[in-house]
């Protein structure tokens, strides 16, 4: 699996933006159907209180991917946001995640501060937009592209379809 950057809300300021609950969201719980999708997938998901500025964590994810740690870092960042309500736009949170994944924080922080990955993540975002991706998560399995939270059965169907195309 390969991760790519996508800015769902490129207009978010660096300090993030306080979220207003959506209809059906109570006590930090997701509204339906997301609440059911998360439960079916065995995920703990609470609506964060802040929509974070994500460019730094996107760049940190690119660093983790270079180190062969994409999945580990991605899962830890996911947990920090959706389970622990942490601000992924905060460098101390990114440091905590990186060190928890065994990544070299001094090297990563230098690359983040220098903008080493800025062009890469911006190119990935524009490439996704050019492909017709306008939401997250987005998935490309062989030639099947779909975006947004989906029931588990959609992923099974997509995987089976991709496998059958590979066998042809």
Would you calculate the separation in nanometres between label points at residue 141 and residue 67, each defined as 7 Å from the Cα along the Cα-to-beta-carbon direction?
3.0
One finds the C-alpha centres of region 22-93 and region 122-137 to be spaced, in Å, by 19
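Under the rule a/c < 1.5 gives rounded, and otherwise a/b versus b/c splits prolate from oblate, where does region 20-80 land using the Cα gyration tensor? Please report the intermediate quantities before stating the final value.
On the way: a/c = 3.67, a/b = 1.78, b/c = 2.06.
Oblate.
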Just check the chain against the gyration tensor rule for me: Cα atoms, a ≥ b ≥ c as the square roots of the eigenvalues, rounded for a/c under 1.5, and otherwise prolate or oblate depending on whether a/b exceeds b/c.
oblate
With the Cα gyration tensor of region 1-55 giving a ≥ b ≥ c as the square roots of its eigenvalues, does the rule (a/c under 1.5 for rounded; else a/b larger than b/c for prolate; else oblate) give rounded, prolate or oblate?
oblate
Before rounding to the nearest 500, sum -39500 (n - 2.57) across all DSSP H runs of length at least 4 in the chain and divide by the residue total; then give [θ] at 222 nm in deg cm²/dmol.
-15000 deg cm²/dmol
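Taken together, the values in this text are just the output of simple stated rules run on the coordinates, not laboratory data. What you are looking at is a predicted structure, and each value in this text was computed from that prediction instead of being measured. Here the Cβ is made from the backbone with ideal geometry for all residues, glycine too, and neighbour counts use every protein chain on show.
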